[in-house]
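See structure below.
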Amino acid sequence: MCNKQPWTFVYAADMQPGSPRSFRYRPALMENWHSTKRQIIANKPQFWLNGGDITRDGLLHDGEFVEMKDEFDSMGIPYHTIPGNMDVGNKHTARQGFFDSRDDIALNMKSKNLARYEKFFGPAYWTFDHKNVRVTGFCDMLLGSSQPKEEKLWKFLEELKKLPPIDHHLILMHYAMFIDDIDEETFDITKEDEYMQWYFGLDKPIRMRLLKFFKAANVTRVVTGHIHCRKDFTAAGICFDLAPSATCGQWSDKWPDGDISLGFFRYDVNGREITKTFIPLENISQRTDFYGPGGHPKPEFRNYSMAWQKPAFK
Ligand SMILES: [Fe+2]
């Protein structure tokens, strides 16, 4: 299963550029996405992977999905996507979190939102082989959600072990498997000093069940976005690549060796070796103009009359 000719694929995610037809917009993110797009094309990958948060508020607007699908389709490169929480909703919680500014339970991922994503970008979980690399992607926000597709996804993940052997098996999901330690406990959404850890990583029962299936399926690498801060871990014999955002960094103070530089990953496959390279964005937008709130604003703080481009989405 060893291929003689070196080849390349790319991972880019967390572009969430939004739209001037929305209740909020930062042009710098769209400019950074366009720089990313140009650089992905210049790297001539055989395909590229998107790790979610395609949109700023796809959770609310079909229009952002329409705009981003046009962007992706215009690149002329095969691509495979998974949704992020900005596209379909957050990982499930049964409890309101510490911050009153967001309604955590209302933000839970719901089937109707996932169905809207699937209408544009295809199934919520999939696997394919390209030469000697297998890539499996899935909507991890389904896990723990009690939504109808959750059990189907667990079954799909359990049965990955039945696929034929291959040199590399890469997993694409949105949330980090863990924040600091693969054995860490579930963080408490109600505590101020644990909220961000809860928000960025998976709860322990889901992580442990996933890890069992990953080991059975000979997973070699897990690539995740969502945090927008680049960092490498190795645990349980698996490489965990915490990926950069293509357009905006965050959580810069979390790890001394974390890096919020904007860009994407290039993976070069040469025989049985895979080499990962961080490709920094060459042109970072200097625009500072924007309108609307950040974070996950409640409906009363979404003012569509501010939209720069009419008609506004709502
Ligand atoms: Fe995210």
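Suppose the filter is small (Gly, Ala, Ser) and open to solvent by less than 10 Å² (accessible area, probe 1.4 Å); does Ala12 pass it?
Against the criterion (small (Gly, Ala, Ser) and open to solvent by less than 10 Å² (accessible area, probe 1.4 Å)), Ala12 qualifies.
Give me the residue from region 7-61 that is hydrophobic (A, V, I, L, M, F, W, C) and assigned to a strand (DSSP E or B) and, out of that set, nearest to Ala124 (Cα to Cα). Restricting to residues being hydrophobic (A, V, I, L, M, F, W, C) and assigned to a strand (DSSP E or B), the top hit is Leu49.
Only one entry of Ile238, Ile227 meets the criterion of being hydrophobic (A, V, I, L, M, F, W, C), buried (at least 22 other Cβ atoms within 10 Å of the Cβ) and in contact (Cβ under 8 Å) with a residue 12 or more places away in the chain, and that entry is Ile227.
Under the condition of being out of contact with any strand residue (DSSP E or B) (no Cβ under 9 Å at 6 or more places or on another chain) and modelled with pLDDT of 95 or more, the residues counted in region 34-61 number 6. Within region 291-300, none of the residues are open to solvent by 50 Å² or more (accessible area, probe 1.4 Å), in contact with a Phe, Trp or Tyr (Cβ under 9 Å, 6 or more places away or on another chain) and not aliphatic (A, V, I, L, M). Among the residues making up region 97-143, those that are in a strand (DSSP E or B) and open to solvent by 30 Å² or more (accessible area, probe 1.4 Å) are Tyr125, Trp126, Thr127, Phe128, Asp129, His130. For region 244-300, the set of residues classified as touching a Gly at 6+ places or on another chain (Cβ under 9 Å) and part of a strand (DSSP E or B) consists of Asp259, Phe278, Ile279, Pro280, listed by residue number.
Being within 19 Å of the chain's Cα centre (by Cα) and either small (Gly, Ala, Ser) or more than 16 Å from the ligand (Cβ to nearest atom) (or both) is a property that does not hold for Arg95. Here region 262-287 is the region considered, the condition is being open to solvent by 70 Å² or more (accessible area, probe 1.4 Å) and over 14 Å from Thr247 (Cβ atoms), and the residue that is nearest to the chain's Cα centre (by Cα) is Thr275. Is it fair to say Arg207 is under 16 Å from the mean Cα position of the chain (by Cα), surrounded by 19 or more Cβ atoms within 10 Å (Cβ to Cβ) and not β-branched (Val, Ile, Thr)? Considered against the rule, which asks whether it is under 16 Å from the mean Cα position of the chain (by Cα), surrounded by 19 or more Cβ atoms within 10 Å (Cβ to Cβ) and not β-branched (Val, Ile, Thr), Arg207 comes out as no.
Out of the residues in region 62-90 that are away from the ligand (no atom under 16 Å from the Cβ) and outside any helix (DSSP H, G or I), which is nearest to Pro299 (Cα to Cα)? In this case the residue turns out to be His80.
The values are calculated or read from the model by the stated rules, or taken from the named source; none is laboratory data. What you see is a predicted model; the values in this text were computed from it and never measured. Cβ coordinates were reconstructed from backbone atoms using ideal geometry, including for glycine residues, and neighbour counts include every protein chain displayed. Heads up: the accessible areas ignore ligands, DNA and RNA and are worked out on the full protein's heavy atoms, side chains in. Shrake-Rupley method; radii C 1.70, N 1.55, O 1.52, S 1.80 Å.
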